[in-house]
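The values are calculated or read from the model by the stated rules, or taken from the named source; none is laboratory data. Computed from a prediction, not measured in an experiment: that's the story for all the values here. Because the Cβ atoms are built from the backbone with ideal geometry, glycine has one as well, and the counts that use them run over all protein chains shown. Ligands, DNA and RNA are stripped out before the accessible areas are found, and what is left, the full protein with its side chains, is counted by its heavy atoms. Shrake-Rupley method; radii C 1.70, N 1.55, O 1.52, S 1.80 Å.
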Amino acid sequence: MAQPAETIESDVLIVGAGGAGLRAAIASLDAGANTVILGKTLAGKAHTVMAEGGINAALGNLDPQDSWLVHAKDTMEEGINLSDWRIVEKMCREAPQAISELESYGAIFDRTPDGKIMQRPFGAHTYRRTCHIGDMTGLEMMHVLVEQVQKRNGRLIDEVYLTDLLVDGNRCVGAVGYDLKKGKLLQFNARAVILATGGYARAYKRNSNAWENTGDGIAMAYHVGAILMDLEMLQFHPTGMIWPPSASGILVTESVRGEGGLLFNAKGERFMPKYDAKRLELSARDVVARAIYNEILAGRGTEHGGVWLDVTHLPAEKILKKLPRMHKQFLEYAGVDITKEKMEVAPTAHYAMGGIKVDPATNRSNVLGLFAVGEVSAGVHGGNRLGGNSLTELLVFGKQAGQAAAAYALQQSPAKPDAKQVEEKLAQITAPLERREGVKPAELRDRIREAMWKGVGVKRTETGLKQAIAELEAVKALAPSMKVSGSLVYNQDLNTAMDVRNMLVAAEATARAALYREESRGAHYREDFPETNDGVWRVNIVMSKGFKGFNLSVYPVPRPEGELAKAIKW
Amino acid sequence: MKVRVYRSDARQRDAKLIAYDVPYTKGMRVLTALEFIQEHLDPTLSFRWNCGAGQCGSCAAEVNGKPVLTCKTEIREGMQDLSVFPLKVFPPVKDLVVDFAPAQKKLKDLRAHFTPAREKKPGEFYRLQEWQVQAAQEMRKCIDCFICYDVCHVLRDAPHLNFVGPRNLVKAAAQEFHPLNVVNRAPLVEQGGLSACNVTRCCTESCPQGIQITQNAIIPFKERVISSKDPFEKLLKKVLK
Ligand SMILES: Cc1cc2nc3c(=O)[nH]c(=O)nc-3n(C[C@H](O)[C@H](O)[C@H](O)COP(=O)(O)OP(=O)(O)OC[C@H]3O[C@@H](n4cnc5c(N)ncnc54)[C@H](O)[C@@H]3O)c2cc1C
Ligand code: FES
């Protein structure tokens, strides 16, 4: 039987070392809890490093009229009445404090001429409030957060793939997984566990996410009975690279259109006036994504199945000054000089608004001792995410989750996971290695990604969704027979096998929730139900594990109170 | 196209170069070729990557003798032969995967975190001018890919000198140049073997982020070390205090 090579004890175990996990670790360490934080990639290299545009806070450095209330109103409106106002209010009120803290950790933001933090305009924000460090905001954030965890002697273990949570009744008491470099099975005993594993856009064929974003946290939580929410809400960014194939999905930032970039179909027609005559290329993300998608489906797409994004009419100096990373990206990845040539783009799966349902005041899930924070959680963004709000969420709620988990953990008796459960869970890791024959994990992964792209993509229909679900079920039936060769040491095929297990849960939940929501709202667009129907559908779709797969039900969205109630149409 | 990849385990038993036939497609990256091998020819091949977009620094390896980010490096049309080796100077883990832990450990001695004169009040914001922050911001572009270690003569030829390495100096400089920093890291980097570096600029030329490592991190530190030893400057500092 599979046995752990080592057992690591802690008060608080944080799964995920992106922005959310690291900020939680700092809070947990400051609260005096013995904290272990881990990620499945190298320390400091989590997906968060890719965040380019910036982080929102109503500092009012450029537009003094800005306030937390306007920020909250913008967020609620972009979320099309699906966000939890309590979470939104807290985030917007505390955002300036979070930025100030990040500065005290040593982050250096770009400056205004009078020495304050610079703030740039971003789509659908009333005022300029996106603080940034060039186009490398996430990188700087990750640097300083890692430094602060290390300064506090936090135990940061990298390249550990956690596969399952351990429970004692309804209480989460740890997790199991394997160390990639050492090739060893590990057991973690913890009085509290925080999931900060990020999103799952990797479950789509074309996506902007890092390798690690396969919905592991969602799957782990689901298996121990946590409630998932808003899974149908997956944001497609309108512009991702499509050519060459090895660059497919890489993000082409919204600033390209912000600086004046125009969209053309293969016939050379500027098509946005047809879809949004007022806001044109700068319309909401979901509108632009659908417009591009339509053009391609109607046969007006480019050779590689995209449309043209063009900045050649802008002066070359402006492009080089305002969009240096994009200029470099296209030159290096596609051999295209964007000052002279058009960019070929198409929508790319980008961000999961849905995730684990959490308590607004503590980030607790419905499972005792299990917390969730960051992209893996739900509540802030509702039907659509306002650009720059994710990084804010990581900091504000990372802190809250870390504090709450530490406070909870310090009152608990030591965790004593059941040895048999540990063995069972560990056996799931080693089983594919022991099989003599079976299916290739990469093959199943590609089938999931193809099915999601085709059936649960930018535009959805009942038939398409049902086909996707059938395909996912077929893959699910094959998953127990995946075969992996080699050992436990840095085995990429084994990682893929575990990814498949996790992606299947996140993917199926997404498809089922999308089938259930018979209307269109934000990122979720049903061709067969194109209208938004607040009368029936101002509800959050929640799901959890039942005897026969997903149990699905709806909760009414909490009605805003206090100052927000006055600011928002309901 | 033939792609030769270095294969070994941590103890370097049976280390060997294996040639794989990989079909060329236009625009292909070295990382794409490695993925193809792993998925179709040999599932046990190990290499690192995460963002696939040149932003996380996970995927560095030596391609035809030159260290590069494999996700960013295009295989040119007509190229027949490609060899891929792990980065040198790091303990091997498996195939192209190496262990950066020793380098990370040395960083600890450089106090590579923000060290201001006083704690900031909650909700307070700094006032800093653009010109004050530029030097530090350049250092913060580092994506920790460790390509600079692979080309560093000191690390390659004189491991006994225990040099902290270019990337760690960049990290130290990122803190040293923060306009509000009060810690002098000159003695720390000196202990870290700074004097062994004879400024051949190899690290600078290999940096995928274009950081002027030699000019803007190493030389300023060298100057600080010298001036902290200069008897005249020492006296001046005492008087000023
Ligand atoms: C290209 C791009 C640009 C973006 N730009 C912006 C922006 O400008 N502003 C903004 O606000 N947002 C932006 N976003 C969104 C934002 O970057 C992410 O939502 C955010 O970084 C998620 O952070 P996180 O901490 O929740 O998770 P992540 O950063 O995704 O980290 C997840 C962590 O969990 C670990 N993990 C996952 N599974 C396991 C497992 N099974 N075992 C162990 N560890 C595991 C991972 O290794 C990693 O350490 C952007 C996203 C992309 C893709
Ligand atoms: S994979 Fe991130 S830099 Fe290559």
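Is the range B:21-30 home to any residue that is among the polar types (S, T, N, Q) and surrounded by fewer than 20 Cβ atoms within 10 Å (Cβ to Cβ)? Please lay out each step first, then the result.
Pass one, the range B:21-30, residues among the polar types (S, T, N, Q): B:25.
This time we only want the ones that are surrounded by fewer than 20 Cβ atoms within 10 Å (Cβ to Cβ), so: B:25.
Taking every residue of the range B:21-30 in turn, at least one turns out to be among the polar types (S, T, N, Q) and surrounded by fewer than 20 Cβ atoms within 10 Å (Cβ to Cβ).
What number of residues in the range A:129-143 are crowded, with 23+ Cβ neighbours inside 10 Å and touching a Leu at 6+ places or on another chain (Cβ under 9 Å)?
Qualifying residue count for the region: 8.
Among the numbered criteria (1) more than 9 Å from every other protein chain (Cβ to nearest Cβ); (2) open to solvent by less than 40 Å² (accessible area, probe 1.4 Å); (3) under 25 Å from B:CYS202 (Cβ atoms), which single criterion is violated by B:VAL3?
In the conditions (1) more than 9 Å from every other protein chain (Cβ to nearest Cβ); (2) open to solvent by less than 40 Å² (accessible area, probe 1.4 Å); (3) under 25 Å from B:CYS202 (Cβ atoms), B:VAL3 misses (3) alone.
Starting from the range B:197-226, take each residue that is hydrophobic (A, V, I, L, M, F, W, C) and list its partners that are open to solvent by 60 Å² or more (accessible area, probe 1.4 Å), counting only C-beta distances under 6 angstrom and pairs at least six apart or across chains.
Sorted first by the residue in the range B:197-226, then by its partner, the pairs are B:ILE211/B:LYS141; B:VAL225/B:GLU190.
Does the range B:166-179 contain any residue that is more than 13 Å from every other protein chain (Cβ to nearest Cβ), aromatic (Phe, Trp, Tyr) and buried (at least 19 other Cβ atoms within 10 Å of the Cβ)?
No, the conditions are met nowhere in the range B:166-179.
Given the condition in a loop (DSSP other than H, G, I, E, B), more than 7 Å from every other protein chain (Cβ to nearest Cβ), of a type in the set (A, V, I, L, M, F, W, C) and surrounded by fewer than 20 Cβ atoms within 10 Å (Cβ to Cβ), answer yes or no: does some residue in the range B:32-47 qualify? Don't jump to the end; show me each part of the working.
Of all residues in the range B:32-47, those in a loop (DSSP other than H, G, I, E, B) come to B:42-47.
Next, only the ones that are more than 7 Å from every other protein chain (Cβ to nearest Cβ) stay: B:42, B:45, B:47.
In the following step, the residues that additionally are of a type in the set (A, V, I, L, M, F, W, C) were identified as B:45, B:47.
In the following step, the residues that additionally are surrounded by fewer than 20 Cβ atoms within 10 Å (Cβ to Cβ) were identified as none.
No; the residues of the range B:32-47 include none that is in a loop (DSSP other than H, G, I, E, B), more than 7 Å from every other protein chain (Cβ to nearest Cβ), of a type in the set (A, V, I, L, M, F, W, C) and surrounded by fewer than 20 Cβ atoms within 10 Å (Cβ to Cβ).
Six or more apart or on different chains, Cβ atoms under 7 Å: show the pairs whose first residue is in the range A:109-134 and closer than 11 Å to A:ALA57 by Cβ and whose second is in a loop (DSSP other than H, G, I, E, B) and among the β-branched types (Val, Ile, Thr).
A:PHE109/A:ILE133
Could you please find all residues in the range A:129-182 being assigned to a strand (DSSP E or B) and among the small types (Gly, Ala, Ser)?
Within the range A:129-182, A:GLY174, A:ALA175, A:GLY177 meet the criteria.
Of everything in the range A:259-287 that's part of a helix (DSSP H, G or I) and out of contact with any helix residue (DSSP H, G or I) (no Cβ under 7 Å at 6 or more places or on another chain), which residue is surrounded by the fewest Cβ atoms within 10 Å (Cβ to Cβ)? Break it down stepwise before answering.
First pass over the range A:259-287, keeping only residues part of a helix (DSSP H, G or I): A:272-275, A:280-282, A:285-287.
Those left that are additionally out of contact with any helix residue (DSSP H, G or I) (no Cβ under 7 Å at 6 or more places or on another chain): A:274, A:285-286.
Numbers: A:LYS274: 11, A:ARG285: 25, A:ASP286: 23.
The extreme case among them is A:LYS274.
Could you please find all residues in the range A:328-345 being within 19 Å of B:THR73 (Cβ to Cβ) and within 13 Å of another protein chain (Cβ to nearest Cβ)?
The answer is A:LYS328, A:GLN329, A:PHE330, A:LEU331, A:GLU332, A:TYR333, A:ALA334, A:GLY335, A:VAL336.
Could you list all residues from the range B:50-72 that are more than 16 Å from ligand 1 (Cβ to nearest atom), surrounded by fewer than 23 Cβ atoms within 10 Å (Cβ to Cβ) and in a loop (DSSP other than H, G, I, E, B)?
Once the filter is applied, which keeps residues that are more than 16 Å from ligand 1 (Cβ to nearest atom), surrounded by fewer than 23 Cβ atoms within 10 Å (Cβ to Cβ) and in a loop (DSSP other than H, G, I, E, B), the range B:50-72 yields B:ASN64, B:GLY65.
In the range B:96-125, what count of residues is obtained for those that are charged (D, E, K, R), at the interface with chain A (Cβ under 9 Å from one of its Cβ atoms) and not in a loop (DSSP other than H, G, I, E, B)?
1
Yes/no per residue for (1) away from chain B (no Cβ under 14 Å); (2) without any contact (Cβ under 8 Å) to a residue 12 or more places away in the chain; (3) of a type outside the set (Ser, Thr, Tyr):
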| position | (1), (2), (3) |
| --- | --- |
| A:MET233 | yes, no, yes |
| A:SER255 | yes, no, no |
| A:LEU262 | yes, no, yes |
| A:ALA266 | yes, no, yes |
| A:LYS278 | yes, yes, yes |
| A:VAL287 | yes, no, yes |
| A:TYR293 | yes, no, no |
| A:ALA298 | yes, yes, yes |
| A:GLY305 | yes, no, yes |
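Here's the yes/no breakdown for (1) buried (at least 23 other Cβ atoms within 10 Å of the Cβ); (2) under 13 Å from the mean Cα position of the chain (by Cα); (3) within 18 Å of B:ILE219 (Cα to Cα):
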residue: B:LEU110; (1), (2), (3): no, no, yes
residue: B:ALA117; (1), (2), (3): no, no, no
residue: B:LYS120; (1), (2), (3): no, no, no
residue: B:PHE125; (1), (2), (3): no, no, no
residue: B:GLN129; (1), (2), (3): no, no, no
residue: B:GLN132; (1), (2), (3): no, no, no
residue: B:TYR149; (1), (2), (3): yes, yes, yes
residue: B:VAL164; (1), (2), (3): yes, yes, yes
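Being within 22 Å of A:TYR490 (Cβ to Cβ) and away from chain A (no Cβ under 11 Å): is that true of B:ASP150 here?
Values: within 22 Å of A:TYR490 (Cβ to Cβ): yes; away from chain A (no Cβ under 11 Å): yes.
Taking the combined requirement at face value, the residue satisfies it.
Tell me the residue from A:TYR161, A:TYR105 that is away from ligand 1 (no atom under 14 Å from the Cβ) and in contact with a helix residue (DSSP H, G or I) (Cβ under 7 Å, 6 or more places away or on another chain), please. If you could, list the steps in order and put the result at the bottom.
On the way: A:TYR161 fails: away from ligand 1 (no atom under 14 Å from the Cβ).
Among A:TYR161, A:TYR105, only A:TYR105 is away from ligand 1 (no atom under 14 Å from the Cβ) and in contact with a helix residue (DSSP H, G or I) (Cβ under 7 Å, 6 or more places away or on another chain).
Which members of the range A:391-435 meet the condition of being among the polar types (S, T, N, Q) and within 16 Å of ligand 1 (Cβ to nearest atom)? Reasoning before the result, please.
Within the range A:391-435, the first condition is being among the polar types (S, T, N, Q), and the residues that meet it are A:392, A:400, A:403, A:411-413, A:421, A:428, A:430.
Correct list: A:THR392, A:GLN400, A:GLN428.
Could you figure out which of (1) open to solvent by less than 40 Å² (accessible area, probe 1.4 Å); (2) facing chain B (nearest Cβ under 8 Å) isn't true of A:ALA107?
(2)
Per-residue answers, yes or no, for (1) surrounded by fewer than 23 Cβ atoms within 10 Å (Cβ to Cβ); (2) of a type in the set (Ser, Thr, Tyr); (3) within 14 Å of ligand 1 (Cβ to nearest atom):
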| position | (1), (2), (3) |
| --- | --- |
| A:ALA24 | no, no, yes |
| A:GLY44 | no, no, yes |
| A:HIS47 | no, no, yes |
| A:ALA57 | no, no, yes |
| A:ASN61 | yes, no, no |
| A:ASP66 | yes, no, no |
| A:LYS73 | yes, no, no |
| A:LEU82 | no, no, no |
| A:ARG86 | yes, no, no |
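I'm told A:GLY199 meets every condition in (1) within 16 Å of ligand 2 (Cβ to nearest atom); (2) more than 9 Å from every other protein chain (Cβ to nearest Cβ) except one. Can you identify the failing condition by its number?
In the conditions (1) within 16 Å of ligand 2 (Cβ to nearest atom); (2) more than 9 Å from every other protein chain (Cβ to nearest Cβ), A:GLY199 misses (1) alone.
If we keep just the residues of the range A:176-196 that are farther than 23 Å from A:GLY486 by Cβ and buried (at least 24 other Cβ atoms within 10 Å of the Cβ), which is farthest from ligand 2 (Cβ to nearest atom)? Talk me through it step by step, then tell me what you get.
Let us first name the residues in the range A:176-196 that are farther than 23 Å from A:GLY486 by Cβ, namely A:188-196.
Of the ones still in play, those that are also buried (at least 24 other Cβ atoms within 10 Å of the Cβ) are A:188, A:190-196.
Numbers: A:PHE188: 27, A:ALA190: 30, A:ARG191: 35, A:ALA192: 32, A:VAL193: 28, A:ILE194: 25, A:LEU195: 24, A:ALA196: 20 Å.
Going through the qualifying residues, I end up with A:ARG191.
Working only within the range A:202-228, note down all residues that are open to solvent by less than 10 Å² (accessible area, probe 1.4 Å), more than 16 Å from ligand 2 (Cβ to nearest atom) and of a type in the set (A, V, I, L, M, F, W, C).
The answer is A:ALA203, A:ILE218, A:ALA219, A:MET220, A:ALA221, A:ALA226, A:LEU228.
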